[in-house]
Each structure stands twice: as C-alpha cells, then as structure tokens.
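Taking it in order: structure first as structure tokens, then the write-up.
The values are calculated or read from the model by the stated rules, or taken from the named source; none is laboratory data. Computed from a prediction, not measured in an experiment: that's the story for all the values here. In this analysis, Cβ positions are derived from the backbone assuming ideal geometry, glycine residues included, and neighbour counts consider all displayed protein chains. To get the accessible areas, we keep the full protein, side chains included, count just its heavy atoms, and leave off ligands, DNA and RNA. Shrake-Rupley method; radii C 1.70, N 1.55, O 1.52, S 1.80 Å.
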Amino acid sequence: MWIFYSLNVIQMFYFNIGSVLLFVIIDSLILSYKPCFWMYFLSFIEVVIHQVLAERFIGSQTDFHFFILLMGMLPFIVFSNKPKSSVFTSIVSSAIFVFLEAAEPYVIPKIVLAPRTIFAIRALNVSLFAVVVFALITLFTLFILFVENSHIDEINEQAQKIQSQNEKVIAMQNNTIIGMANLVENRDVDTGEHVKRTSAYVKMLAEEARNTLEYRKVLTDRYIELLVKAAPMHDIGKIVVPDSILKKPGKLTLDEFLQIQRHTIEGARIVHEVLDENSDAEYIKMAADIALCHHEKWNGSGYPQQLSGLDIPVCARIMAIADVFDALISMRCYKEPFTCEEAFQIIEEASGKHFDPVLVECFLNIRPQLEAYIKKNLPKN
C-alpha cells in the first residue's frame, strides 16, 4: 500500500481490491465453483505490479488504469482452472510490460494522443469503474438477500415442523374427543354412531343455512369447520349421569329428570377442563355453548338457563335440530324409532316453539340429502 501512497494514486489501491474481489466472486460462482484463494492473491499481486510499472514508466497517466488492471487479471480469467498456466502467463505479461516500457524511449516513437482521444479514454475508464462499483454493490446486496432468505427458509422450515406437530396434536385431541363422546353415547344408546350422524346433520344444515340472509355472515367456512368439530361434545356431560337413569325404560321422576338436565352444565365444565390449555378460544367457546345450550328452546321453555330466540347461541340452535332428529329416528331403550316422515313432521311442527323457524325451513330444504345419508348410515332396527 505504501507504493500507492508514494505514487499518489492511493485510490487505485482500493479500486484494485474491489476489482479483484469482483473477479473472485465471478470466478467462484460462475467459472470454477471452487475457491482458490492463493490464485486470487496472485491475481491481486499481478494487478499491483502492473499498476506500479505503469505509474513508474508512464507517469501519472492513470487514464489507462482499467486496461492495466485487465492486463493483470486476464491470465487468471483465461486460465481459471489451470493454476500453472495462469502464473506462467502473468509472469510473461509482466516481463513484456517491463521490457516495452523500459525500451519505449529507444525503440518506440513517442505517441501524442489528441485531447479528444484522452477524453474518450477517461470517459470509458470512468464508466468501467462505475460498472465495477455497481457490480460489487449488487453482488453484496444479493449476498445479504441470500443470507436473509436462508434464514427465512430455516424459519419457514421450523414453522412447518411446528405446524405439523400441532396438526398431529390436534388430530390426537380430536380422536380423543370423539372417543370420549362415543364412550358416553354408548352408555345411552345402542351405538356410538349417533355422534357421527349428528355431526353430518350439523354440517349439512349449516351449509344450507349459510345461504339465508339471517345466517350469511355468521356461518363462515371457519365457523362451520369448528361447529362440526365441536358437535361430538354436545352430550359429553352425560358421563356424570348414572346408568340407571340413562337406560331407564320407563318414565323419569322429577329428580331423575333434574339429574339428566345436569349433563348440560357438566358438559360445559368438562369442555373447559379438557380443552382450555390445548385449543383456541373460539373452539372452546363453541364446544361449551353446544354442550350447555343444545337443550334450550326457541320459546324459552328449555334448560338449563331458559334462554329464548336469538339469545340461544347459533351453534346450539343448529345442534338442537340435529340431536332431536337423530334421537327420533333411532332406537332407544325407552322408545321405538320414528320413521323419517314422522321425524320431519315433528321437527316442522316444533318450528318457532322448540326450534329456530329459519333453521327448520333450511332443515326441510335438505330433506333429500338427509334421507340419502340416513339410508346409508342408520342401522336397521
């Protein structure tokens, strides 16, 4: 570096570093794909030699610095994958350079360049200098972006792993919930298929009700997804009701009926205890609302809170129709199954009393779809 100080061309020192660095990047990424640092160092030494010789023999004619720089780098560019040829060519080019510059006063007539020619050469060198600087900045920027993208890819990969793990946990949780619901239902009915069927009814009814003005904004895709997922929890509270009451074939006493009613409150409590730490708040609230309110009636005569009309959560209103309908057409220890015709008639007659009239209308609209599903999935009694 002291040589450049003594020649008063320190800016060339930095330009040479930048240019050789650009060559290093191009050579590593495009030409050889394998970094060869000792060759890059020799390339820099070669460039410095040519620069010093040019300043020594030509004087302060730094207008030609880019061509001198290119002469120093050319052997390493041409023979990128041949180190011996690169070194040999660079030594020969330096020797020729020294000979020509030393012999110039004796054997070569002095060339006087016109001012326009000098101006053109200077302009070209400035342009090439700008290209080198711009290329270095661009490559540095691309390197930063590459590093950032690598970090982003790592973060995305970790996020995908976490998401995959969460999905497995959620799947296990769903299977556990459905298993618990089936276990409870098997105490009350002859088959746990009640859970599966009511979830199907809920989905069909919700998708139909979504087309109405009243429910268009409420029944989004996410709401319906959570609703179907939460539906199996509607009778989870029956786990606290004794078998002697659940399976009693005769009429219940008042005390026994009050114990049956407890399953709504207990169901909501169990939902919060089981799900609070592992599920999102919207799902927990919906599952608890379904468990607590699916026996509420549109006219306020239901239980446990005697809610009426729009005060009953939408999810519970939908669940109520699906639950009663499946209970009607299914065999129970205390009754024979109703026909589909009778069940649809009972649901229709309860419109505005037990059930939301808009939802009843939607339920009747999907009767063909429901009957097709029942034919495939309801066991023959």
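If the chain between Lys285 and Ala372 were fully stretched, how many nm would it gain, using 0.36 nm times the residue separation less the Cα-Cα distance? Full extension from Lys285 to Ala372 adds 28.1 nm.
Ellipsoid semi-axes for the range 216-274, based on the Cα gyration tensor and the rule √(5λ), read 30, 13, 10 Å when sorted largest first. Placing R0 at 45 angstrom, the Cβ-Cβ distance between Leu254 and Glu214 gives a FRET efficiency of 0.75 after rounding to 0.05. Placing unit charges on the Cβ atoms only, positive for Lys and Arg and negative for Asp and Glu, gives the range 195-348 a dipole magnitude near 200 debye about its Cα centre.
Backbone phi angles across the range 359-376, fed through the Karplus curve with coefficients 6.51, -1.76 and 1.60 (θ = phi - 60°), yield HN-Hα couplings of 5, 4, 4, 5, 5, 5, 5, 9, 3, x, 5, 5, 5, 5, 5, 4, 4, 7 Hz in residue order; Gly and Pro are listed as x. For the range 205-210, putting each phi into the Karplus relation 6.51 cos²θ - 1.76 cosθ + 1.60 with θ = phi - 60° gives couplings of 5, 5, 5, 6, 5, 4 Hz, in residue order, rounded to whole numbers and with x for Gly and Pro. Across the accessible surface of the range 249-371, with the other protein chains kept in place and a 1.4 Å probe, carbon and sulfur atoms take up 54 percent.
Among the chymotrypsin sites (Phe, Trp or Tyr not before Pro) within the range 275-357, those in coil by DSSP and having at most 14 neighbouring Cβ atoms inside 10 Å are Tyr334. Remark: accessible surface ordering of Asp289, Asp255, Asp326 (largest first) is Asp255, Asp289, Asp326, probe radius 1.4 Å. If the limit is 28 Å between Cα atoms, which of Lys161/Lys376; Lys196/Lys247; Lys251/Lys353; Lys248/Lys285 go over it? Flagged as over cut-off: Lys161/Lys376; Lys248/Lys285.
Residues His272, His234, sorted by accessible area with the largest first, give His272, His234 [1.4 Å probe; ligands and nucleic acids excluded]. Our coupling estimate for the range 258-270, obtained by passing each phi through the Karplus curve with A = 6.51, B = -1.76, C = 1.60 and θ = phi - 60°, is 5, 5, 4, 4, 4, 5, 6, 5, 5, x, 4, 5, 5 Hz, Gly and Pro reported as x.
Count Lys and Arg as plus one, Asp and Glu as minus one, and take only other residues whose Cβ is under 11 Å from that of Phe344; the net charge is then -4. Normalised Debye scattering of the range 265-379 at q = 0.14, 0.16 Å⁻¹ gives log10 I(q)/I(0) of -0.65, -0.82, counting only Cα atoms as equal scatterers and leaving out solvent.
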